[in-house]
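Trainee: So that we are looking at the same thing, I have put the structure below in C-alpha cells.
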Amino acid sequence: MIARRFWAWVVFALGAAYFLLPLLATFIFSLQMRRGRLTFDAYLSVFADARFQATFGYSLTCAVFAIIVGVAIVLPAAYFVRLRLQWLRPLMEFITLLPLIVPPIILVFGHIRMFNSSSILPLTNSAFGTDVLIVCGYVTLALPYMYRAIDTGLRTIDVGTLTEAATILGANPIRTMVSVIFPNIFVAVLSGAFLTFAIVIGEFVLASLLNRPAFGVYMQNVGANRAYEPSALAIVSFALTWGAMGVIQLLDRFAPKTARKD
Amino acid sequence: MTNVSRIADKTAGPVSGPAALSLNSPMLGAWLGVLPFILFALLFLVVPTLSLVASAFVDGSGNFTLQNIADLWTDQVRSAFEISIKVSAASAFFGAVIGLAMALAIIRGKLPGAIRSTVMTFSGVASNFAGLPLAFAFIATVGRLGLVTVILKTVFGFDIYKSGFNLLSFTGLTLTYLYFQIPLMILIIAPAIDGLRKEWSEAAATLGASRLQFWLHIGFPILWPNLLGTLSLLFANAFGAIATAYALTGSSLNIVPILLYAQIRGDVLHNPGLGAALALGMIVITAFANVIYIVVRTRAERWLK
C-alpha cells in the first residue's frame with residue numbers, strides 16, 4: 001500500500017515538473033528584457049504596441065460574432081432534435097464530429113477554393129466578405145464544443161415539460177426558445193461561448209491563409225522577430241485560456257438542473 | 001379503418017400538446033429550427049471538404065485523373081508524410097502512456113483529493129493551450145537560449161544541444177506536442193478508470209489475485225478499447241496540428257500540414273492539383289484514426305457505464 005502511494009507521488013511529481021517547468025521558465029524569461037534586472041518591460045512593450053491592440057480587438061470581435069452565429073444555429077437545432085426529431089441525433093453527432101476529423105488547414109483550403117473570386121459566392125473578393133468567411137470558419141471549428149455544451153445543457157433540464165408549459169401559456173416556439181429554454185441553459189451556452197473564445201482568440205491558420213489581421217498572425221510575427229515579447233504573449237495567452245476554462249468550471253456549479261431523475 | 005387511424009392520431013397527438021390541433025405545424029417548426037444548422041454545415045463544412053477531395057481527381061482541363069495522387073509519390077511529399085506520421089505516433093504513444101500513468105496515480109494512487117481536481121482543471125487548460133504560445137513557451141524553456149538550456153550549461157556544465165537535442169527536430173516537436181497530448185489523455189481516460197469498480201479489484205483480491213494479475217486479466221482487458229481509441233484520437237490530433245510546429249520550426253521541419261500550408265500560400269510543389277491530393281491524403285489518415293476511435297469507443301461503452 002505504501003509502495004503504491006509512493007509511486008503515485010513519483011509519477012505526479014514528474015508530471016508536475018514537466019508541466020510547470022515550461023510555464024515557470026517562460027515567465028522568468030519574459031521578465032528578462034532589461035539586462036540584469038527582472039521587469040515587466042516585455043509585457044508593457046506588448047500592451048503598448050498598436051498592432052497588439054488592433055489584432056486583439058479584431059480577434060475578439062470575430063469571437064463575439066462566432067459565438068452569436070454559433071448559438072443562433074446550434075440552439076434551435078439541438079432543441080428541436082431533442083424535442084421532436086430524436087432520430088436525427090446520430091446525424092447531428094456525426095456533423096459536429098466532422099470538424100475534429102477534418103483538420104483546420106483542410107477546412108480553410110476548402111473555403112478558399114469554394115468562395116474564391118471566380119465562384120458563385122465570391123466572399124474572398126472583399127475584406128468584409130473575408131471577415132464573414134473567417135467567422136463562419138470559426139463557427140465551424142467551434143461546432144463540436146458548442147453543440148456538446150448546449151446539448152449537455154438541454155439534457156439537464158426537462159425540455160418536454162418546459163415546452164408544454166410554455167405552449168399551454170400561449171408561447172409560440174420562438175418565444176419558448178428565447179424566454180424559456182435559453183435562460184434555463186444559459187450557463188451551458190456560456191461555457192460553449194468561452195470554449196469558442198478560447199479557440200478563436202489565438203487561431204493562426206485560418207487568419208493567416210485568409211490574410212486577416214488577427215491576433216494569431218500578430219503573435220506569429222512577434223515570435224519570428226522578437227526575443228522576449230513572445231514569452232510575454234505566451235504567458236498572457238495561458239492566463240486567457242486559464243481564465244476561460246476557470247469561468248466554465250465555475251459556471252458549471254451554478255447550472256440549474258430541472259431534469260427529472262428517472 | 002378510418003376509426004383506427006383516428007384513434008391512433010388521438011393517442012399520438014397529445015405528446016405535442018395543444019399544438020396538435022394542426023398536426024403538421026409543430027413538425028414544420030422543428031424542421032425550420034434544424035434547417036439553418038444543416039444548411040450551415042453543408043455550406044461551410046461538408047461541401048467545401050468534399051469538393052476539395054473531389055478536385056484531387058480532376059486535371060487542369062476538368063477531366064478525371066489519378067495523376068495527382070500518383071504525383072504525390074515524390075521524395076519531398078513522402079518524407080513529409082513519414083515525419084508527420086512519426087511525430088504523431090510518438091506523441092500519441094508517449095502521451096497515452098504518460099497520461100495513463102498520471103491518471104492512475106491521481107485516481108487509484110490514493111493521492112489527496114485536491115490534487116485530483118487540480119490536475120483535472122489543469123488538464124482542461126493545458127489541452128487547450130496549443131498553437132503559437134505553446135511553441136513560444138518551449139523556445140523560452142529548452143530553445144537554444146532557453147532558461148533550462150542556459151542553466152544546465154552554466155550551472156551544471158551540460159550542453160543539451162551538444163549532446164544531440166534539438167527543439168527544432170522530431171524529438172523537440174514530440175516533446176512539445178506532449179504538452180497537450182498528455183492532458184487530453186488524462187481527460188479522456190479518467191472517466192474510464194473511474195468506471196473500474198472497486199468491487200472488481202476486491203473480488204479479484206478475495207480470489208487470491210495479485211495486483212499484477214488484476215491488471216493483466218481484468219483492468220487492461222476492460223480499458224484497452226478505451227486506450228486504443230484514445231491513442232487514435234491523439235494521433236489525429238497531432239497529425240492535423242500546424243501552428244505549434246510552424247512557430248517552432250518555421251518551414252524547416254517538413255511535416256504534411258506545413259507543406260500544405262506552403263502549397264496553399266505559394267504553390268511550392270509547382271502543381272495546383274497536388275494541393276488537393278495532399279489534403280486528400282491528410283483526410284484519409286485522420287479519418288482512419290477517427291473511425292478506429294468511434295468503433296472502439298462503442299465497444300468500450302459496454303462495460304463502463
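All of the numbers you see were taken from the coordinates with simple rules; none came from a lab. None of the values given here were measured: they were computed from a predicted structure. For neighbour counting, all protein chains shown are included, and Cβ atoms are generated from backbone atoms with ideal geometry for every residue, glycine included.
Trainee: By how many nm would the segment from A:Ala3 to A:Arg253 grow when fully extended, if each residue of separation counts as 0.36 nm and the alpha-carbon distance is taken off? Mind showing how you got there, number by number?
Mentor: On the way: separation 250, 0.36 × 250 = 90.00 nm, distance 3.60 nm.
Stretched out fully, the A:Ala3 to A:Arg253 stretch lengthens by 86.4 nm.
Trainee: Which of the DSSP-defined H helices in chain A satisfy a minimum axial length of 27 Å, computed from C-alpha atoms, and a minimum mean Kyte-Doolittle hydropathy of 0.5? Mind dumping the intermediate values first?
Mentor: On the way: long enough: A:2-30 (41 Å, 1.57); A:50-83 (49 Å, 1.54); A:127-156 (42 Å, 0.80); A:229-254 (38 Å, 1.03).
Span-like helices, by this rule, are A:2-30, A:50-83, A:127-156, A:229-254.
Trainee: For region A:39-254, what does the equivalent ellipsoid look like in terms of its semi-axes, each the square root of 5 times an eigenvalue of the Cα gyration tensor, given largest first in whole Å?
Mentor: 35, 22, 14
Trainee: What value does region B:68-300 have for Rg/Rh, both radii from Cα atoms and Rh as Kirkwood defines it?
Mentor: 1.05
Trainee: Using Cα pairs under 8 angstrom and six or more residues apart, how large is the relative contact order of chain B, in percent?
Mentor: Normalised by residue count, the contact order of chain B is 27 percent.
Trainee: Please list B:161-171, B:203-213 highest first by mean number of surrounding beta-carbon atoms within 10 Å per residue.
Mentor: By packing density, highest mean first, the sequence is B:161-171, B:203-213.
Trainee: Run lengths n ≥ 4 of DSSP H only: what is the helix-derived mean residue ellipticity at 222 nm for the protein assembly as shown, with -39500 (n - 2.57) per run over all residues, to the nearest 500? Numbers along the way, then the final one.
Mentor: Numbers: 27 runs with 416 residues, N = 567.
Calculated mean residue ellipticity at 222 nm is -24000 deg cm²/dmol.
Trainee: With the contact rule set at Cα under 8 Å and sequence spacing of 6 or more, what percent relative contact order holds for region A:46-142?
Mentor: Once normalised by length, the contact order is 32 percent.
Trainee: Measuring from centroid to centroid over Cα atoms, what is the spacing of region A:181-208 and region B:114-153 in Å?
Mentor: After rounding, the separation between the Cα centres reads 24 Å.
Trainee: In addition: Please work out the Cα center distance from region A:50-67 to region B:249-302, rounded to the nearest Å.
Mentor: 29 Å
Trainee: Here's another thing I want to ask about it. Taking trypsin sites (Lys or Arg not before Pro) that fall in a DSSP loop and have at most 13 other Cβ atoms within 10 Å as cut points, what is the longest piece of chain A between them?
Mentor: For trypsin sites (Lys or Arg not before Pro) (loop position, at most 13 other Cβ atoms within 10 Å), the longest site-free span of chain A is A:38-256.
Trainee: With r defined as the distance between the Cβ atoms of A:Val10 and B:Phe220 and R0 fixed at 30 Å, what FRET efficiency is calculated, to the nearest 0.05?
Mentor: My answer for the efficiency is 0.90.
Trainee: Sequence gap at least 6, Cα distance under 8 Å: using those rules, report the relative contact order of region A:39-254 to the nearest whole percent.
Mentor: Relative contact order comes out at 30 percent.
Trainee: Something else about it: I'd like the FRET efficiency for B:Leu32 and A:Ile68, computed as 1/(1 + (r/R0)^6) with the beta carbon distance as r and R0 of 22 Å, rounded to 0.05.
Mentor: E between B:Leu32 and A:Ile68, to the nearest 0.05, is 0.70.
Trainee: Something else about it: Which value, to two decimals, describes the C-alpha radius of gyration of region B:187-305 once divided by 2.2 N^0.38 Å?
Mentor: Ratio of Cα Rg to 2.2 N^0.38 Å: 1.55.
Trainee: Evaluate the Debye formula for the protein assembly as shown with equal point scatterers sitting on the alpha carbons, no solvent, and hand back log10 of I(q)/I(0) at q = 0.07, 0.12 Å⁻¹, in q order, two decimals.
Mentor: Log10 I(q)/I(0), no solvent term: -0.47, -1.30.
Trainee: Any idea what the alpha-carbon Rg over 2.2 N^0.38 Å comes to for region A:99-162?
Mentor: Numbers: Rg = 16.3 Å, N = 64, 2.2 N^0.38 = 10.7 Å.
Its radius of gyration relative to the 2.2 N^0.38 Å reference: 1.53.
Trainee: Taking neighbour Cβ counts within 10 Å as the exposure measure, how do A:Val178, A:Val108 sort from fewest upward?
Mentor: A:Val178, A:Val108
Trainee: Quick one: if the Förster radius is 51 Å, what FRET efficiency do A:Leu21 and A:Ile168 give, using the C-beta to C-beta distance and rounding to 0.05?
Mentor: 0.25
Trainee: What does the charge add up to near B:Met120, with Lys and Arg as +1, Asp and Glu as -1, over the other residues with Cβ less than 14 Å from its Cβ?
Mentor: Here the count lands on -1.
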